[in-house]
Amino acid sequence: MSSGGNPRPRGPRDPLLRAVYAVSLGCPKNRVDTEVMLGDLLSHGYALTMRPENADVVLVNTCGFLHDARNESIEVLREMSRRMRPGARLVAAGCMTEVFRDLLAEQVPELDLAIGVKDLLRLRGFLQGDDTGPREPPSAENPRLLTSDPLTAYLKIADGCSRRCAFCIIPRLRGRQRSRAVDDILAEARILQARGVRELNLVAQDLTHYGRDLRDRPTLATLLRRLSDEAPRVRWIRLLYLYPRDLDDGLLDGIATSPNVLRYLDLPVQHADDRVLAAMRRGTTRRALERLVARIRSRIPGVVLRTTYLVGFPGETDRAFENLLAFARQMRFEMAGVFRFSAEPGSRAAALPDQVPAAVARERERRLVAVLGEIAHDLRQRLIGEVHEALVLRESAAQGAPVARARLWFQAPEVDGQTRVRGAGLRAGDFVQVRITGVHGNDFEGVAVGRRR
């Protein structure tokens with residue numbers, strides 16, 4: 001989903017160009033879709049503007065995964081409609097347009113165009129009044145405008161999901177899983193490497209299931225080996241969104257032995273009570289999760305695990321919640337987040353009996369967050385004095401001393417904080433050995449003790 005160069009945005013004052021302004025909501029996978037749409041527009045005569053008031057086209061890539069996310073998408077669209085100049089066109093793209101198009105039309109009557117998740121490359125044609133273009137998925141040949149830190153990029157290796165978790169509507173929004181061919185992913189990785197990207201974050205709705213829908217059935221482990229070989233200047237490869245049930249030893253051993261696949265796994269477990277897990281249709285049990293975590297930590301020494309928990313699921317009794325608390329204390333995941341259950345229309349869970357009152361769910365969320373906060377504080381305090389690798393993102397000055405902004409290898413972009421590193425001559429793109437000297441919430445402080453350019 002990238003091309004051989006970043007499309008060069010020109011100023012919106014050029015009368016030959018149409019200016020586009022974009023907002024991307026939701027997950028990193030949505031960000032990639034936004035970057036593809038912008039890359040296509042900018043490589044065909046559009047210009048990028050940083051102000052919606054100057055735009056001819058305002059693009060909002062929506063998120064429809066949760067009720068709150070849909071409300072945010074609607075509010076952003078309304079705000080954009082108020083700020084746009086007369087004659088500009090308001091476009092909604094992304095998840096909400098697939099299932100909630102009627103809601104968008106009702107709540108945002110100013111909307112001019114809605115683009116589905118499989119129509120990313122048809123946006124330009126739609127804007128020009130041509131709706132006959134092919135519904136082709138983006139590939140490495142398509143331009144992509146990176147909007148993240150220039151040293152970091154998300155690499156989407158599949159879209160959609162073939163799981164059937166009771167609380168989730170992603171299959172309704174994005175369809176069944178569609179994996180990209182290995183060669184296409186590698187081509188994009190090489191392009192991103194040539195553009196200076198030093199960290200690739202592999203994303204999909206379900207990384208673990210990658211390749212099972214392709215004819216030659218490549219595995220994630222195979223893809224990682226080839227990425228390591230064919231994009232060697234990408235020093236960090238990070239795996240996000242690994243479904244717990246199908247993690248095999250081949251993949252774990254590949255992570256443990258790869259020189260540039262980080263020992264950081266995002267492993268959403270959701271719950272740890274067997275009855276709740278069964279109602280969620282997660283295909284696992286608490287004991288199986290315990291064995292999996294033990295196996296991961298045994299086969300990948302020093303691994304950092306991120307997870308998410310879901311509280312307030314229908315039928316979650318006080319005892320079930322206490323089981324979850326006990327599991328969280330026992331597993332001591334290094335990073336963890338908490339969501340409250342939301343009865344999404346069309347999900348199996350929305351029709352289940354024994355819905356948990358909102359006030360109870362909020363209290364359970366508060367209690368679990370408190371436990372996770374204590375665990376995180378303890379684990380991070382233990383890191384003080386240790387030396388870990390960091391990627392310098394930007395050099396800056398603070399109180400006359402050279403201080404660089406960086407991320408340690410176990411800090412994923414946008415979710416795990418950053419690190420202030422003291423040291424002379426640090427430049428963006430340097431990989432630095434950092435001795436951790438302090439912790440402030442998710443953020444760290446440290447001093448550089450060695451570097452690699």
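Derivation of every value follows stated rules applied to the coordinates shown; laboratory data play no part. It should be emphasised that the depicted structure is a prediction, and the values quoted were computed from it without experimental measurement. Here Cβ is always computed from backbone atoms with ideal geometry, including for glycine, and neighbour counts include all displayed protein chains.
Here are some notes:
- Per the Debye formula on identical point scatterers at the alpha carbon atoms of the range 148-242, with no solvent, log10 I(q)/I(0) at q = 0.19 Å⁻¹ is -0.87.
- Using the Cβ of Val439 as centre and a radius below 11 Å, the other residues enclosed give a net charge of -1, where K and R count +1 and D and E count -1.
- For the chain, diffusion coefficient by Stokes-Einstein and Kirkwood Rh (Cα), 4 °C, 1.567 mPa s, µm²/s: 55 µm²/s
- Cα centroid of the range 184-251 to Cα centroid of the range 43-98, whole Å: 31 Å
- Taking GluC sites (Glu not before Pro) across the range 347-438, the ones in a DSSP loop with at most 11 further Cβ atoms lying within 10 angstrom of their Cβ are Glu386.
- Hydrodynamic radius by Kirkwood, which averages 1/r over all alpha carbon pairs of the range 84-165, in angstrom: 15.2 Å
- Taking every alpha-carbon pair under 8 Å whose residues sit at least 6 apart, the range 74-190 reaches a relative contact order of 20 percent.
- When you count the other C-beta atoms within 10 angstrom of each residue and take the mean per peptide, 35-43, 138-146, 311-319, 106-114 line up highest first as 35-43, 138-146, 311-319, 106-114.
- The share of C-alpha pairs in the range 152-381 whose separation exceeds 31 Å stands at 26 percent.
- Here the average projected area of the convex hull drawn through the C-alpha atoms of the range 387-452 stands at 4.0 nm².
- Across the range 152-381, the relative contact order, built from alpha-carbon pairs under 8 Å that are at least six residues apart, equals 17 percent.
- Beta-bridge orientation, the range 152-381: approximately 10 percent antiparallel, per DSSP, counting only bridges with both partners inside.
- Relative counts (whole %) of C-alpha pair distances in the range 18-127, using bins that are 10 Å wide: 16, 53, 30, 2
- Ascending count of other beta-carbon atoms within 10 Å, so fewest first, for Met96, Met280, Met335: Met335, Met280, Met96
- Relative contact order for the range 166-237, counting Cα pairs under 8 Å that sit 6 or more residues apart, in percent: 40 percent
- Whole-Å distance, taken between Cα centres, linking the range 353-395 and the range 121-153: 36 Å
- Remark: Tyr241, Tyr210 ranked as Tyr241, Tyr210, counting other beta-carbon atoms within 10 Å and listing the fewest first.
- Exposure proxy order (Cβ contacts within 10 Å, fewest to most) of Thr419, Thr49, Thr308: Thr308, Thr49, Thr419
- Take the Cα radius of gyration of the range 328-444 and divide it by 2.2 N^0.38 Å, N being the number of residues; the result is 1.45.
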